[in-house]
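The structure appears below as structure tokens.
The values are calculated or read from the model by the stated rules, or taken from the named source; none is laboratory data. Nothing here was measured: the structure is a model prediction, and the numbers come from that model. Reconstructed Cβ throughout: ideal geometry from the backbone, glycine too, with neighbour counts over all protein chains shown. These area figures cover heavy atoms from the full protein model, side chains too; ligands, DNA and RNA do not enter into them. Shrake-Rupley method; radii C 1.70, N 1.55, O 1.52, S 1.80 Å.
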Amino acid sequence: MPNQFLSPEGDIENYFVTEYWLIDQYIGDELWTWGQGSSGQLGTNATTNSNTPVTTFAGGTNWKQPSFVLQGAAIKTDGTLWTWGLGTSGQLGDNTTTSKLTPVTTFSGGTNWKQVDCGDSHTAAIKTDGTLWIWGNGIAGRLGNANTTNRSTPVTTFAGGTNWKQVSCSGQHTAAIKTDGTLWTWGRGNYGQLGNASTINVSTPVTTFIGGTNWKQVTTGDTNISAIKTDGTLWTWGYGSFGQLGINDTITRSTPITTFTGGTNWKQVSQGEAFTAAIKTDGTLWTWGLGSNGQLGTNDGIQRLTPVTTFAGGTNWKQVACGFVHTAAIKTDGTLWTWGAATSGRLGNAITTGFRLTPVTTFAGGNNWKQVECGSTCTGAVTAGINPEYPLS
């Protein structure tokens with residue numbers, strides 16, 4: 001199914017950043033989860049682990065975009081937002097601080113949710129009207145609402161506005177891009193992860209040090225951030241002790257810097273706990289940073305200070321997602337591959353111990369995987385069905 005995420009204008013965009021214009025071309029979009037389930041993050045009405053993909057308790061064939069950490073969140077094609085898993089800090093947004101084993105709608109409800117992302121104990125989402133909402137743990141100002149108070153229902157950020165396009169959450173900081181191409185960060189800044197030339201916490205959104213109006217996609221790691229501009233350049237900043245900035249050293253940076261390999265053909269990037277993975281427009285997949293659990297997919301456990309291609313190679317990678325110490329990626333042929341730590345079954349290949357140094361297909365196999373997201377110790381993915389009225393060859 002080539003070019004299935006090609007926009008009407010012919011631009012290849014990150015499908016979780018832009019409008020899902022291809023929704024009508026699909027039927028049967030099921031949500032599958034696997035890995036650690038101790039906090040209910042698999043949404044299966046249980047707290048057991050699963051080493052192979054399973055459908056959520058809510059079932060249904062209208063799931064569109066998921067996100068995971070110790071909680072899960074996903075948007076359906078009808079625009080409703082659902083959350084489940086750990087809820088002790090209000091990160092489920094259902095006006096409680098209790099965990100849920102099955103998906104529930106957020107307190108604010110609505111049918112106009114567009115994109116959602118989970119942090120360690122907070123969640124953020126954007127509506128189709130361009131407003132940005134955030135909830136959960138407020139420590140270090142990660143909610144961006146000018147205080148550090150926990151919120152169990154969605155609140156807008158201090159900056160407000162109706163032009164938010166994409167948001168990414170991590171341990172204790174948040175980053176988001178507006179439709180005008182500006183990039184904003186807030187929350188914990190102790191390692192320079194806010195990119196504003198300081199190491200202080202910020203409880204309201206601030207722009208990065210280099211500014212600019214051409215940011216396209218941003219992803220947050222535990223203590224660092226990576227982002228791609230519309231010119232195809234890739235920038236990283238924050239904690240760098242494991243080489244996760246990809247700049248050929250282990251120095252921490254408080255302002256954005258381009259990766260060692262440079263280039264103007266980066267398409268999509270994902271941040272793990274201490275490693276990074278990114279895909280170029282030529283379909284090659286690159287990884288760097290900590291590799292001790294095989295999360296770089298390079299057939300060894302060696303740390304890399306600059307981007308390297310995975311052992312599997314190839315020029316047909318479409319989307320990549322990083323967990324705490326594991327990675328998952330989808331190829332243009334619709335196959336799903338995972339590697340890194342196998343603990344708790346997070347690779348979905350029926351293995352629960354050790355690690356995989358090179359990409360392997362999930363136990364479920366198949367060539368209809370549409371999107372994948374990794375939590376700390378779990379994984380979730382959406383499969384695509386084809387509407388006969390819109391055949392894709």
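Some values worked out for this structure:
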quantity: Pairwise centroid distance, computed over Cα atoms, of the range 127-197 with the range 303-360, Å; calculated: 29 Å
quantity: Cα gyration tensor category, rounded, prolate or oblate, for the range 229-387 with a/c compared to 1.5; calculated: oblate
quantity: With at most 14 neighbouring Cβ atoms within 10 Å, loop GluC sites (Glu not before Pro) (DSSP) excluded, longest segment of the chain; calculated: 20-388
quantity: Extension reserve of the Thr199-Phe311 stretch, reckoned as 0.36 nm per residue once the Cα distance is removed; calculated: 36.7 nm
quantity: Lysines with Cα under 19 Å of Lys100, excluding same-chain neighbours fewer than 8 positions away; calculated: Lys76
quantity: Distance histogram for the range 209-309 (every C-alpha pair counted, 10 angstrom bins, percent rounded to whole numbers); calculated: 18, 54, 26, 2
quantity: Point-charge dipole on Cβ atoms (K/R +1, D/E -1) for the range 261-393, about Cα centre, debye to 20; calculated: 80 debye
quantity: Rel. contact order, % - alpha carbon contacts under 8 angstrom, at least six apart, the range 319-362; calculated: 30 percent
quantity: Relative contact order computed over the range 195-236 (Cα-Cα under 8 Å; 6+ residues apart), in percent; calculated: 26 percent
quantity: Relative contact order (percent, whole number), the chain, Cα cutoff 8 Å, 6+ residue spacing; calculated: 15 percent
quantity: Label-point gap, in nm, between Asp180 and Ser38 - each point 7 angstrom along Cα→Cβ; calculated: 4.5 nm
quantity: Hypothetical label at Asp300: residues of the range 244-264 whose amide nitrogen lies under 19 Å (7 Å Cα-Cβ projection); calculated: 244-250, 261
quantity: Accessible area per residue in Å² at 1.4 Å probe, computed on the chain; calculated: 33 Å²
quantity: Where only C-alpha atoms are counted, convex hull volume of the range 89-190 per residue in Å³; calculated: 85 Å³
quantity: Fully extended contour minus Cα-Cα distance, from Thr61 to Thr48, at 0.36 nm per residue; calculated: 2.3 nm
quantity: Reference-scaled alpha-carbon Rg (2.2 N^0.38 Å with N residues) for the range 26-114; calculated: 1.00
quantity: Asp249/Thr98 FRET efficiency (R0 35 Å; Cβ-Cβ; nearest 0.05); calculated: 0.20
quantity: 38 Å tail of the calculated P(r), the chain, as % of Cα pairs; calculated: 8 percent
quantity: Bins of 5 Å from zero: percent of alpha-carbon pairs in the range 143-218; calculated: 4, 17, 28, 27, 17, 6, 1
